[in-house]
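The next block holds one structure in the form of structure tokens; read it before the comments.
The values are calculated or read from the model by the stated rules, or taken from the named source; none is laboratory data. Note that this is a predicted model, so its numbers are computed, not measured. As a convention, Cβ positions derive from the backbone with ideal geometry for all residues, glycine included, and neighbour counts pool all protein chains shown. What goes into the accessible areas is simple: the full protein's heavy atoms, side chains included, and nothing from ligands, DNA or RNA. Shrake-Rupley method; radii C 1.70, N 1.55, O 1.52, S 1.80 Å.
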Protein chains: 2
Amino acid sequence: MPPEPATVLAEANRSPRTQSREVRRQQLIEATISTLAARGFARTTLTEVAKTAGISHGLVLFHFETKEKLLTETLTFMTEEYHQNWQAALAAAPADPAAQLLALIKADFASAITTPARLGAWCAFWGEAQSRPIYQEACGEKDAAYIRQLEVICEELVRQGGYGVDAIIAARILRVVIEGTWLDMMTMQNPYAPTEALRTVMSTAALCFPKHFR
Amino acid sequence: MPPEPATVLAEANRSPRTQSREVRRQQLIEATISTLAARGFARTTLTEVAKTAGISHGLVLFHFETKEKLLTETLTFMTEEYHQNWQAALAAAPADPAAQLLALIKADFASAITTPARLGAWCAFWGEAQSRPIYQEACGEKDAAYIRQLEVICEELVRQGGYGVDAIIAARILRVVIEGTWLDMMTMQNPYAPTEALRTVMSTAALCFPKHFR
DNA sequence: CGCCATTGACTGACTTGTCAATCAGATTAT
DNA sequence: ATAATCTGATTGACAAGTCAGTCAATGGCG
């Protein structure tokens, strides 16, 4: 039977000498994220990941057969985490489309999602995904769900406000502004603060739907 | 004395058996761009670049001492090319800020700049730049110049139209929409056409400066 | 005792970088 | 003109190092 959350937590606090399967795997995925952020995709080695996790590199392959599987599962985990994050935020928001859009945007800048390690790892995967269909497949479907959701909300906003904007275009603009400010936070030499990024996105929302946002 | 352009061109059409220094270096930089796009940063090897150029791998190191130098010079070349492109477009445009913004946007989607190989190579560098300060330095200053130029144009547009938008924010929104549509063209499974990307950016301009764009 | 996590030495493949030998083409000498 | 010479591009074999993946031995825990 699968270990319950309480058991997993207890094991996580135990001596790291031996760990249960699930705890060790999760720990290795986190170590992979950190390594990707710190060293980039090209210089991410199993030895480096193992050192970050404080174990031998042989153990990494014991739990994840190949390096490729470790990376794929790490990407799958991050995709799932991101997906859960915005879906939970959406579920908690009122049925009002303006509130839903706000919730969606805020979720994308939640501190749990935008840690330096997470941002760096996303950047590393983006760089490689272009030439590796496997990585595109891993997060393509989840991305599509996000886009569709954003479009639905924008359509409703356009209907409510009687705006002249194409809802599909507005949704795309909002999405790329979110992605773009993410990129800025990752790649600029002296990046602006997350609050400044959020302000930029909210300004875009105000431009698209002036009656709903200010 | 340095070879004249006519001489360089003549040599480019010659049998590839032996080439002058400059022609070979340029050819290798193009081969590096293609390889980065096709295989990603992590799997770009000197052997692969050499194979693409149709020469032995020893010759790559004869012209570029180390792999690192080949990569930095490739990035420098692409940065310079991009910089020249938008500066030339700006110089050819009328003094009117609306015309200048249009020229700047169109320049970013010029076919010479947005070839699949160029886009893929940019993506590969972006992915690694996060963890390698050297790459950030290579293009950081040129990026800053572009941002400053965009801000100047936006400030003038705001002044002319008496818009309520912050020019700095508007410039940032436009820039990230441009970057974001670039990313879309690179990473989406079924990306939209460059004309659709251009339409998205122009819609953003219309949202920011409705009196100037439609 | 038995089971599984864990280690660390080892292998084979691959990659960067070196270097001596070769070759093409231009220059000079005969 | 033709041969000899020189220069610099080009090659391919090789050295050195790195890394993913294997595996036999070890160790902790029920």
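A point 7 Å from Cα along Cα→Cβ stands in for A:Pro94, and the other copies hold the same point at 4.8 nm, listed in rising order. Less than 19 Å apart at the alpha-carbon level, and either on another chain or at least 8 residues along: which lysines does that give for B:Lys106? Result set, ordered by chain and number: B:Lys142.
Computed from backbone phi with θ = phi - 60° and the Karplus coefficients 6.51, -1.76 and 1.60, the 3J(HN,Hα) list for the stretch A:146-162 is 5, 4, 4, 4, 4, 5, 4, 4, 5, 4, 5, 5, 4, 4, 4, x, x Hz; x is used for glycine and proline.
For chain B, the share of accessible area belonging to carbon and sulfur comes to 57 percent (1.4 Å probe, ligands and nucleic acids excluded).
Residue by residue, the stretch B:62-69 carries 3J(HN,Hα) couplings of 5, 8, 10, 6, 10, 4, 4, 5 Hz when phi is fed to the Karplus relation 6.51 cos²θ - 1.76 cosθ + 1.60 (θ = phi - 60°); x denotes Gly or Pro. Between chain A and chain B, the total buried accessible area stands at approximately 3600 Å², from heavy atoms with a 1.4 Å probe. Note down the Stokes-Einstein diffusion coefficient of the stretch B:68-214 in µm²/s, whole number, using a Kirkwood radius over alpha carbon pairs, 25 °C, and 0.890 mPa s. The Stokes-Einstein estimate is 152 µm²/s.
For peptide B:187-194, the mean count of partner chain Cβ atoms within 10 Å of a residue's Cβ comes to 3. Shown here: the protein assembly as shown, whose C-alpha atoms stretch 76, 60, 34 Å along the first, second and third principal axes, sorted largest to smallest.
Peptide A:167-176 shows a mean partner chain C-beta count of 5 within 10 Å per residue C-beta.
Full extension of the chain between B:Glu68 and B:Leu90 gives 4.6 nm of extra length, using 0.36 nm per residue less the Cα-Cα distance. Using C-alpha pairs under 8 Å with a sequence gap of at least 6, the mean separation divided by the residue count of the stretch A:67-214 gives a relative contact order of 24 percent.
Note that the stretch A:123-133 has calculated 3J(HN,Hα) couplings of 4, 4, 5, 3, x, 8, 4, 3, 9, 9, x Hz, one per residue in order, obtained from phi through the Karplus relation 6.51 cos²θ - 1.76 cosθ + 1.60 (θ = phi - 60°); glycine and proline are x. Among the residues of B:131-139, the average count of other protein chain beta-carbon atoms within 10 Å of the residue beta-carbon is 3.
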